[in-house]
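Peer 1: My questions will all concern the structure given below.
None of the figures in this text is laboratory data; all of them are computed from the coordinates on show. Just so it is clear, the model here is predicted, and its values are computed rather than measured. Neighbour counts run over all protein chains shown; Cβ positions are idealised from the backbone, glycine included.
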């Protein structure tokens, strides 16, 4: 296997120079660059992660801050981000802030520059103001899966249209004939699921469905949270024929609550979520959901972060919008029965 | 950029001494300490995380290497380890090796010392030989949740008696009257679930149950893996009245496969898993399982790692055994029907 040293020898430079050219950083002449790239091409050198890391004495690392490692969505995003990072020769380290703003801030301050070359941030309980103030080192930061493409901050970010996801969920239930629809929001009213609920409400309003304001519960983004919220909704209003949840975990909780209460799904209650985590397709009954492009968003986020690492003064737009969410109909939604 | 070597040269000491002074450990005179700190100041040296963290009063970091971040058991362990670390003022960073030995080795070589003060290792596709050879820096390492307390390596480790877990699962099914029992092993035959399957087999042998050798499938440690394996088992031997799976995810897959095949759980098929992940209690039907002490093992692992960080020459035993697994009966096991 061709090594970094082989390339350095052929190009008559140090391994550090080869490394700098390949990572496009540090100082070298155009001539040196050309010589190195020629040697790379001639030897068909593929900078292997391990070899490169060892040659440099330290691996190129990016950090991913997540708010809740125990919520399966975040590991799924982490896996996708890691695949994207690995393709580019980066290691990914994951920091769980556990929805604690102080912990998030401490990781943010500490990770920048000392542990990583750049930071991906996923709902890490840091407010955007804190991010604007930045951290000591100034390593680049990308917000992942911002929920409103039309209201993006000027910080670099990848947006997913979760407002549209809420609209699509409402439209699906309306199309199946449902008119009495409960909602379970897996965050506080103005929390991270707000855009999804707003999209849902807007589509119901456009269909002249009134009176749904009482049929909403704000809860934890978990199966347990959805289970309790669904029990509460169905006891307060047994006439509900469908439940929309802003995420798959509370949607699964709603399905399990209905089963526990003796209501068949979907015959006596339709349930729809958002995201399409792996469990949505693996659980029984398999969950109807609005799939968001997790892997595509991870790819975009890693690519944007790499651009910012290479060019701190990047003047291009740093908003990237991921492909639109789409309906995946499975076994928890059906036509409203009389 | 100023390096540790530059500081060592200016202070006329070894790099190890610089490192020790900055980490405030090992032996050195007050005079040596002053000379090193002066050189650090003069060269404006920015040491790596750990040294800097201590120099600046920031919390130090330990690393957790896991084999599969998308398997919910690992995030649950990570969360428990993080809580334990946080109580002691440590930050935890998580590295996912994704069952790739090369990636695992690269993380292992690079994390030690540069990114963290010590490493917790969870089934990270590193073989024990590689761990014995160690990594460049020599930071302490603790193996978490070793499966056989009676066959522990001399490396520091926390053991959980998974052989006993397999025995308990078999004993529960026998007590319910089951005699034709299939097994789903979520690893290769001699892989990380081997001890669980051996425990299961030994208890069946002791009960004079023969012929179970054909009724086993080795598969992925996932819902999907368990689903496929259960379909295969039930088609090959419809007389099976129970299935033991070595982990909760394949056990859930077996439950869902039975439902898909029209077999009621537990009336027409009992299913039991091992671990008691959160989904085991939240899914429907809720899963009977052998609970292992995840949080206790994480606490023991972090405590042992801290001892090793403080005292590299520790002569006490470095094997810690977590509390015994225990049966948690829920809704997927029942008395064998005629």
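Peer 1: Using the Cα atoms of the protein assembly as shown, I'd like the radius of gyration and the largest Cα-Cα distance, Dmax, both in angstrom.
Peer 2: Gyration radius and largest Cα-Cα distance of the protein assembly as shown: 27.1, 88 Å.
Peer 1: With each pseudo-label sitting 7 Å past Cα toward Cβ, what's the residue B:232-residue A:100 distance in nm, one decimal?
Peer 2: If labels sit at residue B:232 and residue A:100, their model points lie 4.4 nm apart.
Peer 1: Also: Using Cα pairs closer than 8 Å and at least 6 residues apart in sequence, work out the relative contact order for chain A, in percent.
Peer 2: Details: 678 pairs, mean separation 53.5, N = 338.
Relative contact order of chain A: 16 percent.
Peer 1: Residue A:281 versus residue A:335, label points 7 Å from Cα toward the beta carbon: distance in nm?
Peer 2: Those two pseudo-labels are separated by 2.7 nm.
Peer 1: Ok, one more. Hey, for residue A:83 with labels 7 Å out along Cα-Cβ, what do the inter-copy distances come to in nm, ordered shortest first?
Peer 2: Label-point distances to the other copies, shortest first: 3.2 nm.
Peer 1: Using r as the Cβ-Cβ distance of residue A:44 and residue B:127, and R0 as 45 Å, what FRET efficiency do you calculate, to the nearest 0.05?
Peer 2: FRET efficiency, residue A:44 to residue B:127: 0.90.
Peer 1: Picking from B:100, B:109, B:208, which is most flexible by a Gaussian network model of chain B using Cα springs under 10 Å?
Peer 2: Among B:100, B:109, B:208, the largest GNM mean-square fluctuation belongs to B:208.
Peer 1: For chain A, find the longest principal axis of its Cα atoms and tell me its angle to the long axis of helix A:73-87, 0 to 90°, nearest 10.
Peer 2: The answer is roughly 20 degrees.
Peer 1: Taking only C-alpha pairs under 8 Å that are 6+ residues apart, what is the relative contact order of the stretch B:217-257 in percent?
Peer 2: Once divided by the residue count of the stretch B:217-257, the mean separation gives 55 percent.
Peer 1: Relative to the longest principal axis of chain B, what angle (0 to 90°, nearest 10) does the C-alpha long axis of helix B:248-260 take?
Peer 2: It works out to around 30 degrees.
Peer 1: If you find the alpha carbon centre of the stretch B:183-261 and of the stretch A:189-222, how far apart are they in angstrom?
Peer 2: About 43 Å separates the Cα centre of the stretch B:183-261 from the one of the stretch A:189-222.
Peer 1: Tell me the angle of helix A:194-206 to the major Cα principal axis of chain A, expressed in degrees between 0 and 90 and rounded to the nearest ten.
Peer 2: Between helix and principal axis, roughly 40 degrees.
Peer 1: Under the convention of a label 7 Å out along Cα→Cβ, give the distances in nm from residue A:41 to the same position in every other copy, shortest first.
Peer 2: 5.3
Peer 1: Just how many % of Cα pairs in chain A lie over 39 Å apart, if you round to the nearest whole percent?
Peer 2: Tail fraction, whole percent: 26.
Peer 1: Tell me whether the stretch B:194-252 comes out rounded, prolate or oblate; compute the Cα gyration tensor, take square roots of the eigenvalues as a ≥ b ≥ c, and use a/c under 1.5 as the rounded threshold.
Peer 2: Judged from the Cα gyration tensor, the stretch B:194-252 comes out oblate (a/c at least 1.5, b/c at or above a/b).
Peer 1: Express the relative contact order of the stretch B:162-292 as a whole percentage, based on alpha carbon pairs under 8 Å and six or more residues apart in sequence.
Peer 2: Relative CO of the stretch B:162-292 lands at 26 percent.
Peer 1: When chain A is treated as a GNM, springs tying every alpha-carbon pair under 10 Å, which of A:29, A:222, A:116 comes out with the largest mean-square fluctuation?
Peer 2: A:29
Peer 1: Which distances, in nm and shortest first, link the residue B:190 label point to the same label point in every other copy, taking 7 Å along Cα→Cβ?
Peer 2: So the distances to the same position in the other copies read 6.2 nm.
Peer 1: Looking only at Cα atoms, what is the convex hull volume of the stretch B:196-338 per residue, in Å³?
Peer 2: Values: hull volume 19.5 nm³, N = 143.
Hull volume over Cα atoms, normalised by residue count, gives 136 Å³.
Peer 1: Determine the calculated [θ] at 222 nm for chain A from helices alone, applying -39500 (n - 2.57) to every DSSP H run no shorter than 4 residues and normalising by the residue count; nearest 500 deg cm²/dmol.
Peer 2: Here the helix-only value at 222 nm equals -13500 deg cm²/dmol.
Peer 1: What is the spin-label model distance, in nm, from residue B:206 to residue B:16 if the labels are put 7 Å beyond Cα along the C-beta direction?
Peer 2: 5.0 nm
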